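For reference, the structure discussed in these notes is given below.
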Amino acid sequence: MGERNPHLPLRKRVADRQRLTGSFVKIPSPSSIEILASAGFDFVVIDQEHGVFDRMATDIALLACKASAISGIVRVPALTPDGILSALDCGATGILAPHIDSVDRAEKLVEACRYRGGRRGFSAVTRAGDYGAKSMWKHIDEADGGVAAIAMIEDPAGVENIEDIVAVEGLDAVFIGRGDLTVAFGAATRDDPAIVSAVDTIIDAARKTNTSVWMMVDSVEDMAPLAAKGVSSFIVSSDQGMLRNAARQIMRGAQVFVEGK
């Protein structure tokens, strides 16, 4: 694992296998991002797939990331070049793409994230290009060197093809989607032996190519055993989850008052 350095571009931090901690942002307001940044989180994942972010809300969220000096990753709802391009133009420093279950889909993700050797449409008159202040090749160099392409492995086919997927040039990390895997395998919980085996298979394959492995956990107590297996970065809960848990904790503490005791 590399030494933690928040001043490096996200792609470099992922390549160095720094231990990074982030959270999903599902509420379309800058406040969650500013709070998570001030608390010391390394990144946020703006959730277009299961949140309520349109392009305008995503643009504002990524502006908050820039203002708060926190890496802004966008989980896109589908593997489409135009959707990925929109997020990158708004200033996303990483793309988390769902249902990467084949080499072809992994290659399409990488192509959409890269200018050189890829198919990312060029424009420097965006936030990513500092609204034209950067020269063409300075913008291209910084974008290709800074944007992390992260594949979500959340289907049985993705587990089956994982050794080929992690060998795709330019793929920076894999995110293990235990929720979707649990549903796809028809398992009772994510602790089912079939899911544990799938997680281990993905981690083992990623280790062979030195590909960073990311996972989501509900709390920090879940991080240590997965880190021991080789997971380098974690998405811990979400802004909604933290708000819900804090609200419940307050009401448990206020129960004495509510009951008039």
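With all protein chains present, calculate the accessible area of D204 using a 1.4 Å probe and round the result to the nearest 10 Å².
My reading of the accessible area for D204 is about 70 Å².
Once both labels are modelled 7 Å past Cα along the beta-carbon direction, what's the V220-V52 spacing in nm?
Each label point is offset 7 Å from its Cα along the Cβ direction, giving 3.1 nm.
Provide, for q = 0.07, 0.10 Å⁻¹, the log10 of I(q)/I(0) from a solvent-free Debye sum over equal Cα point scatterers in the chain.
Debye curve over Cα of the chain, log10 I(q)/I(0) at q = 0.07, 0.10 Å⁻¹: -0.24, -0.49.
Note down the net charge around S102, summing +1 for each Lys or Arg and -1 for each Asp or Glu among other residues with Cβ under 10 Å from its Cβ. If you can, show how the numbers build up before the last one.
Numbers: positive: R105, K108; negative: D101, D104, E107, D155, E160, D164.
With Lys, Arg at +1 and Asp, Glu at -1, the net is -4.
To the nearest 10 square angstrom, how much accessible area does D16 have with a 1.4 angstrom probe?
Spelled out: D16, probe radius 1.4 Å, area about 50 Å².
On a 1.4 Å probe surface of the protein chains, which of K208, K26, K66, K12 comes out largest in accessible area, and what is the full order? The partial results should precede the final answer.
Working: K208 150, K26 35, K66 120, K12 95 Å².
Output order, biggest surface exposure first: K208, K66, K12, K26.
If R0 is 22 Å, what FRET efficiency do you get for Y131 and D82 from their C-beta distance, rounded to 0.05?
Numbers: r = 21 Å, r/R0 = 0.94.
Result of the calculation: an efficiency of 0.60.
Of A78, A92, L171, which is farthest towards the positive pole of the chain's charge dipole, taken about the Cα centre with +1 and -1 on the beta-carbons of Lys, Arg and Asp, Glu respectively?
Checked the options; the winner is A92.
Given R₀ = 25 Å, FRET efficiency for L8-S31 by Cβ-Cβ distance, to 0.05?
Efficiency at R0 = 25 Å is approximately 0.40.
Whenever you get a sec, compute what percent of the accessible area on the chain sits on carbon and sulfur atoms (1.4 Å probe).
In the chain, the share of accessible area belonging to carbon and sulfur is 55 percent.
Express the accessible area of segment 10-259 per residue in Å², computed with a 1.4 Å probe while the remaining protein chains stay in the model.
Per-residue accessible area for segment 10-259 comes out at 45 Å².
By how many nm would the segment from K138 to V196 lengthen if fully extended, with 0.36 nm per residue of separation less the alpha-carbon distance?
Working: separation 58, 0.36 × 58 = 20.88 nm, distance 4.37 nm.
Using 0.36 nm per residue and subtracting the Cα-Cα distance, I get 16.5 nm.
Please report the net charge: other residues with Cβ closer than 9 Å to the Cβ of G177, K and R +1, D and E -1. Walk me through the intermediate numbers first.
On the way: positive: R178; negative: E154, D155, D180.
Local charge sum for G177: -2.
Which lysines have a Cα lying under 26 Å from the Cα of K208, excluding residues fewer than 8 positions away in the same chain?
Within the straight-line limit of under 26 Å, K208 reaches these lysines: K12, K108, K229.
With a 1.4 Å probe and all protein chains kept in place, how do W137, W214 rank by accessible area, largest first? Working shown, then result.
Working: W137 135, W214 5 Å².
Heavy-atom accessible area, descending, gives W137, W214.
What accessible surface, in Å², does a 1.4 Å probe find on R190, ignoring ligands, DNA and RNA and rounding to the nearest 10?
Approximately 80 Å² for this residue.
Using only helices, what value at 222 nm comes out for the chain when you add -39,500 (n - 2.57) per DSSP H run of length 4 or more and divide by the total residues, to the nearest 500 deg cm²/dmol? Mind dumping the intermediate values first?
Numbers: 13 runs with 119 residues, N = 261.
Rounded to the nearest 500, the figure is -13000 deg cm²/dmol.
The values are calculated or read from the model by the stated rules, or taken from the named source; none is laboratory data. Every value quoted in this text rests on a predicted model; they were computed, and no experiment measured them. Every residue, glycine as well, gets a Cβ built from its backbone with ideal geometry; the counts of neighbours run over all protein chains shown. Just so you know, the surface numbers come from the protein's heavy atoms only, side chains and all, with ligands and any DNA or RNA stripped out. Shrake-Rupley method; radii C 1.70, N 1.55, O 1.52, S 1.80 Å.
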